[in-house]
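Comments concern the structure below.
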Amino acid sequence: MLTQYRKNQRKIAMGLLGFHETLRDQQHLLKEIDTYESDDHYQLFCYYNENSDNVQGVIGISKLEDQEIVLHDISLNPSYRGEGISIVMMDELQALYPDQKIIGTPATSAFLAKWQEHKRG
């Protein structure tokens, strides 16, 4: 279940985002989290399994004016990788924004293509 990020989840979100090569530097990581916390166009979501209180992953997006959402970050706890959770996370994100197209960045476009292929099935 995707839920809106709350500031009390900062350390957990930073830990998950820290798996990205580009965010391993503490300054870049802090800047990324600060953007999600302060810019209304950016949103960070935490993913929980319905049977657990543990955050299993995070998704970071920004909303564009023209009915598009940019997928900036998606990161999963390594313990949950390979279980299809990232696909479920994206499905839930699309359900939150059913009328908007999700586009990627250079860092997320390969994953986004994999998810879109999975949707086509």
Checklist line | Nearest-20 debye value, the chain charge dipole, Cβ charges on Lys, Arg, Asp, Glu | finding: 300 debye
Notebook entry, point to check: Cα-based count: Lys pairs in the chain below 18 Å, eight or more positions apart or different chains?
Noted result: 5
Next item on the list: Please arrange H28, H20, H72, H41 by counting, for each residue, the other beta carbons lying within 10 Å of its beta carbon, fewest first.
Entry: H41, H28, H20, H72
Notebook entry, point to check: DSSP H helices in the chain with Cα extent of 15 Å or more along the helix axis and mean Kyte-Doolittle hydropathy at least -0.5?
Noted result: 85-96
Check: Exposure proxy check: M90, M14, M1 ranked by fewest other beta carbons within 10 Å?
Finding: M1, M14, M90
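Every number here is computed from the coordinates shown, using simple stated rules; none is lab data. Just so it is clear, the model here is predicted, and its values are computed rather than measured. Note that each Cβ is placed from the backbone with ideal geometry, even for glycine, and that neighbours are counted across all protein chains shown.
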